[in-house]
Amino acid sequence: MSEYFKNIPKVKFEGRGTTNPFAFRHYNPEEVIMGKTMRDHLRFGAPYWHVMRNDLSDPFGAGTALMPWDDGSESLDNALNRVDVFFEFLNKIDIDYYCWHDRDIAPEGKTLSETHDNLAKVCDKLLASQQEHDKKLLWGTSCLFINPRYSQGAATSPNADVFAYAASNVKHALEQTHRLGGEGYTFWGGREGYSTLLNTDMKRELDHLAAFFHMAVDHAKKIGYKGQFYIEPKPMEPSTHQYDSDSAACLNFLREYNLLDHFKLNLETNHATLAGHTMQHELDVAIGADALGSIDANQGDELVGWDTDQFPTDIYMATHVMVRVLKMGGFTTGGLNFDAKRRRESHELEDLFHAHVGGMDTYARGLKIAAKIVEDGRFDELVGERYSTFDSGIGADVENGKTTLDSLDAYAHTIDAPIIASGRQEMLENLFNDYIQ
Ligand code: XLS
Ligand code: NI
Ligand code: NI
């Protein structure tokens, strides 16, 4: 097998202070933290679409990424060849998991059957490569947003034949995900929303979307697929409004249509900020419903209001995320998929490595800091104290459903007017900063 990243060595842990840019300073895969290796805590994943298919074009300029292995065609041979490149990349960067859309890995054919055949053939090779290199599929998905037939939605298209085509794509993507041992299957509804309400029957579209998901759940049962289904919320882009706009909207939809037992959320940092939330907020909403499944670990740009999908460099954010992951007991089927791309100016092959090294070190650092925070328990103690009036007496009665407006009215008359204690925000911010080193 030829080597595609010739001058790049396998990236290893060298620790802080190394001057080697192709080394980890913090990600030491076998180091044990809170009883588990960093590798098992973080479960890093690489997205096929960004690593192999993103030429770094933007709405104003052509692609810049150097991909000397790629002949630029939509041929099956070209697709099969990319698999070797990708697994060499996974090996050199030491990432165990990956994710794909059907259309990242295999081209559309002239007919629907040829399309599905292409997918099956590339998956034959992916399966062999997974086994050879000991890599795993974190999740698969079907790309229901690039082809013009999906321009007005897939499961929410006003056209029933488009709906059927989308269902056919999902059936095959799901079956291949199952064959590759995929631990999850994701739905990101890029165009499941609207451009204008003037032409949109929202209720009807949502009913269709739910029917679509139920069919996927039923099909998984039929073929014996036990992986976890995810919805990935995002408020907009490319649609003006996407139905799965944020964690709360997704959970409401899943509850309303009786799907909550079958789905968890795959939360992406940049989507949270587009929704006008912090990632912490999105995580807390999902965790509160026992529905955090996986994470697309990237970050947006403070000045650009798009889904810029940058590699995570924000140690504060990584810490906030990992505190939550640790407190929920870790990932089960999910992981940290870098749904991130290099900047258009970082077009050389080695930039792919710098980008991932940075993202992995950021999360490794976040994990180490988060472990200290969780083990110390200071935040839990302080937050616990803040709510301590609910631990006993009238507060406990409220929580146990033993009160009424009458009983609280009677109680309120027996006490002095309450004086609320400080929220201590700045003190907590200082405490958080204390852990960051
Ligand atoms: C786009 C989404 C997409 C999903 C997978 O913004 O993040 O890449 O992760 O369809
Ligand atoms: Ni995104
Ligand atoms: Ni994503």
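Derivation of every value follows stated rules applied to the coordinates shown; laboratory data play no part. Everything numeric here is computed off the predicted structure, so don't read it as measured data. Backbone-built Cβ (ideal geometry, glycine too); neighbour counts: all protein chains shown.
Excluding same-chain neighbours fewer than eight residues apart, the lysines reachable from Lys221 by a Cα-Cα span under 18 Å are Lys171, Lys264. Between Lys36 and Ile436, the distance separating the two model label sites (each 7 Å from Cα on the Cα→Cβ line) works out to 2.5 nm. Counting only Cα atoms, region 82-192 measures 45, 25, 21 Å along its principal axes, largest extent leading. Exposure proxy shown here: for Trp100, Trp49, Trp139, Trp306, the number of other Cβ atoms within 10 Å sets the order, fewest to most, as Trp306, Trp49, Trp139, Trp100.
The smallest convex shape that holds all Cα atoms of region 233-312, its convex hull, gives 83 Å³ per residue. Only alpha carbons enter this Debye calculation for region 305-437, each as an equal point scatterer, and the log10 of I(q)/I(0) it gives at q = 0.11, 0.14 Å⁻¹ is -0.63, -0.83.
Each of Ile146 and Asp409 was given a label point 7 Å from its Cα along the Cα-to-Cβ line. The distance between the two points is 6.5 nm. To the nearest 10 degrees, how steeply does helix 202-223 sit against the main Cα axis of the chain, on a 0 to 90 scale? Tilt relative to the chain: about 70 degrees. Under the combined filter of DSSP loop state and at most 15 neighbouring Cβ atoms within 10 Å, region 22-62 retains none of its trypsin sites (Lys or Arg not before Pro). Estimated translational diffusion coefficient (Stokes-Einstein, Kirkwood radius over Cα pairs, 20 °C, 1.002 mPa s) of region 18-171: 121 µm² per second.
Applying 1/(1 + (r/R0)^6) with r as the Cβ-Cβ distance of Glu350 and Ser129 and R0 = 35 angstrom yields a FRET efficiency of 0.95. Backbone amide hydrogens, once placed in the peptide plane, bring Phe187 within less than 5 Å of Tyr230, Ile231, Glu232, excluding anything fewer than 5 places away on its chain. From helices alone, the chain scores -14500 deg cm²/dmol at 222 nm; the rule is -39500 (n - 2.57) for each run of n ≥ 4 DSSP H residues, then divide by the residue total. Put a dot 7 Å past the Cα of Thr278, heading toward its Cβ, do the same for Leu66, and the two dots end up 4.1 nm apart. For helix 349-376, what angle does its Cα long axis make with the longest principal axis of the chain, in degrees from 0 to 90 and rounded to 10? Tilt of helix 349-376: around 20 degrees. Report, in whole Å, the centroid distance computed from the Cα atoms of region 43-84 and region 233-265. Spelled out, the Cα-based centre of one part sits 29 Å from the other.
Need one word for region 115-176: rounded, prolate or oblate. Basis is the Cα gyration tensor (sqrt eigenvalues a ≥ b ≥ c); a/c below 1.5 gives rounded, then a/b vs b/c decides. Here region 115-176 falls in the prolate category. Gain on full extension, evaluated as 0.36 nm per residue between Asp397 and Glu426 minus their Cα-Cα distance, stands at 7.3 nm.
Normalised by 2.2 N^0.38 Å, where N counts its residues, the alpha-carbon radius of gyration of region 138-246 equals 1.03. For the chain, excluding the exposed loop sites themselves (GluC sites (Glu not before Pro), DSSP loop, at most 10 other Cβ atoms within 10 Å), the longest remaining stretch covers 31-301. Using the Cβ-Cβ distance between Asp380 and Asn199 with R0 set to 56 Å, the FRET efficiency works out to roughly 0.65.
Gyration tensor analysis over the Cα atoms of region 293-346 returns equivalent ellipsoid semi-axes of 24, 12, 9 Å (largest first, whole Å).
Its residue count N sets the reference 2.2 N^0.38 Å, and the alpha-carbon radius of gyration of region 39-117 equals 1.22 times that reference. Could you run the Debye sum over the Cα atoms of region 191-342, one equal point scatterer each and no solvent, and tell me log10 of I(q)/I(0) at q = 0.09, 0.14, 0.20 Å⁻¹, two decimals? Ignoring solvent entirely, the Cα scatterers give -0.29, -0.71, -1.30.
One way to sum up the overall shape of the chain is the equivalent ellipsoid from its Cα gyration tensor, whose semi-axes run 39, 30, 19 Å, largest first.
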